[in-house]
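Nothing in this text is a laboratory measurement; each read-out follows from the coordinates by a stated rule. Computed from a prediction, not measured in an experiment: that's the story for all the values here. Glycine gets a Cβ as well: all are built from the backbone with ideal geometry, and neighbour counts include every protein chain shown.
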Amino acid sequence: MTTDRDRKQRHPIRRAEDDLRAAQQRRESLQAQAPAYRLAFNDPDFLAREELRPVRLQLELLKPELLMSEYGINSTIVLFGGARIPRPDSAGEAATPMLAELAHFYDEAREFARIVTLKNQTNGARENVIVTGGGPGVMEAGNRGAADAGGVSIGLNIVLPHEQEPNSYITPELCFNFHYFGIRKMHFLMRANALAMFPGGFGTLDELFEALTLIQTERMAPIPIILFGRDFWDRIVNWEALAEAGTISRSDLDLLSYVETAQEAVDIIDAFNPAGAGR
């Protein structure tokens, strides 16, 4: 059967896949089995060398980009939030009382993703696709909500000492794993039409401030940045103090919107006017 990749390959040069298959059939000699004899692009030890970091960075940028483009993903809605936020039915097992109180945001994240994905079905299911960090907690809720609506969703996971397994609700063909945080954050924002920020920890804060900085400095076009749970966010970040100190402009506070429910967030995205956004 002729595939799309076969049709795209018009040049007469032998394909890399052909050489990979041929290399697997090499003779069992000392020379053929030596690490030096491996094809460079099929040699994990070589690719993991310190000197190959620029190549790994490029590969990690290219692989998700190519696969998402081939899948037809045009735009995304990014859902950020803590891996430790429990499901409401297990809130009693939460490590702290505060985490138990935040458990309802699991349901809000799930409902938000469900609504966004249902709306997405009317435009070919490739616009405003839900993307999460691919882990548990709020991330799981986002992918789960997309699955509830019968749609696809993306997971951008990363290798960590813990919490590294992808949740079971991500569309398998759109489940990616990263080594570099920086490249992963680029992929979160490259197609983003909005960011939905749920309560979380250092990782969520890192992702929030990355986006705010890029928009504030006009390195990225304005998009809705929606904070779920005003009480939580006002407790951990004194936004007014930053404006009063003059370290940010008061108009920078307009980059943020606060909501408590999924429908409020969807309404903000629907009403967003890029021409009137930002400073």
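Apply the Karplus curve 6.51 cos²θ - 1.76 cosθ + 1.60, θ = phi - 60°, to the phi angles in the range 63-79 and return the couplings in whole Hz, x for Gly and Pro.
4, x, 4, 5, 5, 5, 5, 5, 6, x, 6, 9, 8, 9, 10, 8, 10
Could you tell me the extents of the chain's C-alpha atoms along the three principal axes, largest first, rounded to whole Å?
Reported extents, whole Å, longest axis first: 70, 42, 40.
Going by how many other beta carbons lie within 10 Å of each one, how would you line up Val129, Val266, fewest first?
Fewest-to-most Cβ neighbours within 10 Å comes out as Val266, Val129.
Taking only Cα atoms, what is the 0 to 90° angle, nearest 10, from helix 202-216's long axis to the longest principal axis of the chain?
In the chain, helix 202-216 runs at an angle near 80 degrees to the longest axis.
Give the share of C-alpha pairs in each 5 angstrom bin for the range 1-138, from 0 to the last occupied bin, in whole percents, shortest bins first.
2, 7, 10, 11, 11, 11, 11, 10, 10, 7, 6, 3, 1
For the chain, modelled as a Gaussian network with Cα springs under 10 Å, which listed residue fluctuates most, Ala40, Ala16, Ala241?
Maximum among the listed residues: Ala16.
Please give the calculated 222 nm ellipticity per residue for the chain, where each DSSP H segment of at least 4 residues contributes -39500 (n - 2.57) and the sum is spread over every residue; nearest 500 deg cm²/dmol?
-12500 deg cm²/dmol
Pick from Arg184, Arg27, Arg250: which is most flexible by mean-square fluctuation in a GNM of the chain where alpha carbon atoms under 10 Å apart are linked?
Arg27
Positive end of the charge dipole of the chain (Lys, Arg +1 and Asp, Glu -1 on Cβ, about the Cα centre): tell me which of Val129, Leu189, Leu66 has its Cα farthest that way.
So the residue we want is Leu66.
For Tyr169, enumerate residues with amide H under 5 Å from its amide H, sequence gap 5+ or separate chain, H modeled in the peptide plane.
Distant-sequence amide H within range of Tyr169: zero hits.
Top mean-square fluctuation among His187, His162, His104, Gaussian network model of the chain, C-alpha springs under 10 Å?
His162
Going by a ≥ b ≥ c, the root eigenvalues of the Cα gyration tensor, does the range 42-117 fall in the rounded group (a/c under 1.5), the prolate group (a/b larger than b/c) or the oblate group?
On the way: a/c = 4.26, a/b = 1.79, b/c = 2.38.
It is oblate, given that a/c is not under 1.5 and a/b is not larger than b/c.
Pull up all non-local amide H partners of Leu227: gap of 5 or more, or a different chain, and H-to-H distance under 5 Å with H placed in the peptide plane.
Correct list: Met197, Ser257, Tyr258, Val259.
Which ³J(HN,Hα) values in Hz, rounded to whole numbers, follow from the phi angles of the range 45-52 under the Karplus curve 6.51 cos²θ - 1.76 cosθ + 1.60, where θ = phi - 60° and Gly and Pro get x?
4, 5, 5, 8, 5, 4, 5, 8
Using unit Cβ charges (K, R positive; D, E negative) and no other charged atoms, how large, in debye to the nearest 20, is the dipole of the chain about its Cα centre?
So the dipole magnitude of the chain works out to roughly 1340 debye.
With unit charges on the beta carbons (Lys and Arg positive, Asp and Glu negative) and the dipole taken about the Cα centre of the chain, which residue among Pro161, Leu255, Pro44 sits farthest to the positive side?
Pro44
If I fit a long axis through the Cα atoms of helix 181-190 and take the longest principal axis of the Cα atoms of the chain, what angle between them do I get, 0 to 90°, rounded to 10?
So the inclination is approximately 70 degrees.
Using the count of nearby Cβ atoms within 10 Å as a rough guide to exposure, how do Ser249, Ser153 rank from fewest to most?
By the 10 Å Cβ count, ascending, the order reads Ser249, Ser153.
Starting from the Cα-Cα distance between Glu260 and Asp19, subtract it from 0.36 nm times their residue separation and give me the gain in nm to one decimal.
So the extension gain works out to 81.2 nm.
Taking the highest mean first, how do the peptides 210-216, 81-87 order by number of other beta carbon atoms within 10 angstrom per residue?
Top to bottom by mean Cβ count within 10 Å: 81-87, 210-216.
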